[in-house]
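Scroll down for the structure; my scribbles are underneath it.
The values are calculated or read from the model by the stated rules, or taken from the named source; none is laboratory data. Just so it is clear, the structure is predicted and the values come from calculations on it, not from any experiment. Using ideal geometry, Cβ is built from the backbone for each residue, glycine included, and neighbour counts are taken over all protein chains shown. Surface accessibility is based on the protein's heavy atoms, side chains included, excluding ligands, DNA and RNA. Shrake-Rupley method; radii C 1.70, N 1.55, O 1.52, S 1.80 Å.
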Amino acid sequence: MKLKNRLVTGLALVAGLIFLSPVLYSIWMSFETAQSYYTGQYEFTLDNYVRAVAEYNFARYLLNSIIVSGLVTLLGITVATMAAFAFARYQFRGGNLLFGATVATLMIPSHISLIPNYLTLAKAGLLDTYAGLILPAISNGFAAFFLRQYIKGIPKALDEAAYMDGATPLQVLWRVIVPIAKPAIFSMGLYIFITEWNNYIWPLVAVGKEDLYTLQIGLARLYRINPGEGLVDWPLVMAACTLSMLPVLLGFLLVERHLVRGITLGAIK
């Protein structure tokens, strides 16, 4: 049994290293100069990070991504939690049809909504604004579905006891449901944050001002920074990619325990 456990552990470590090898290589590459990269030598430098932040405005792009992704996560998880609570706890006419429509949105490619969203925001005068980046991403059918399934597994007796004590529906949601469903909420929060953080198409369509560019648009622009004829400055690009990974990794470390627990308990329920 011990030999079997060691073998499984060894295979898991090897698989993990293989999985992480592209990330580790990109980080390694980010500390090279463009000349040393293309000549096959190695020259350690931090200049790529300095250039990405100071010369190519990545500090501003990072701030924009944090603002947009953070607000989308906060507003999106709030809307999804309230919708999930309504679907899980209340019986009303058309409720099943409405929930089915919510789930059906998962089968609709997001690119189909690009033109309607663009035209709507253009008429509202919200293009080239933070609101234009945030509002179309607030609704999330998967988060509402996942949280609804989780909340349905919470005993209704807890709700009834709170109602007997004079609690309102919002108080039941905030003081009873949310603390119990915290693992699932954190899981969906991280999911929404990562999805919005990696979003490229909508910011590209909705924003024309450089001051509102997100990290993904900034990364795409770096491909045009050439150290020589027909050459891409890959060490600079990898330094920018490394900077873009840091907030996501930090967010994962902060909610890792809730993430694993939420996915496990959600599957069981």
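Numbers below:
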quantity	calculated
Intensity falloff of the stretch 118-205 expressed as log10 I(q)/I(0), Debye formula with alpha-carbon point scatterers, at q = 0.15, 0.17, 0.20, 0.23 Å⁻¹	-0.72, -0.81, -0.93, -1.07
Computed magnitude of the charge dipole of the stretch 1-70 (debye, nearest 20; Cβ of K, R +1, Cβ of D, E -1)	580 debye
For the stretch 1-121, size of Cβ-based charge dipole, Lys and Arg +1, Asp and Glu -1, in debye	760 debye
Sparse-neighbour loop sites [chymotrypsin sites (Phe, Trp or Tyr not before Pro); the stretch 54-117; at most 15 other C-beta within 10 Å; DSSP]	TYR90, PHE92
Largest-first principal axis extents, alpha carbons of the stretch 31-181, Å	72, 37, 27
Loop sites in the stretch 20-105: trypsin sites (Lys or Arg not before Pro), DSSP, at most 16 other Cβ within 10 Å	ARG93
Dipole of the chain, positive direction: furthest Cα of GLN35, PRO169, PRO155, with charges on the beta-carbon	PRO155
Residue-normalised accessible area of the chain, given per residue in Å² at a 1.4 Å probe	60 Å²
Listed residue (TYR213, GLN91, LEU190) projecting farthest to the positive dipole end of the chain, Cβ model	GLN91
Loop-located chymotrypsin sites (Phe, Trp or Tyr not before Pro) in the stretch 169-250, at most 12 other Cβ atoms within 10 Å (DSSP)	TYR223
Accessible carbon and sulfur surface of the chain relative to its total accessible area, %, 1.4 Å	68 percent
Lysine pair number, Cα distance threshold 28 Å (strictly under), the chain, separation 8 or more or different chains	6
Cα-based Rg / Dmax (Å) for the chain	22.9, 75
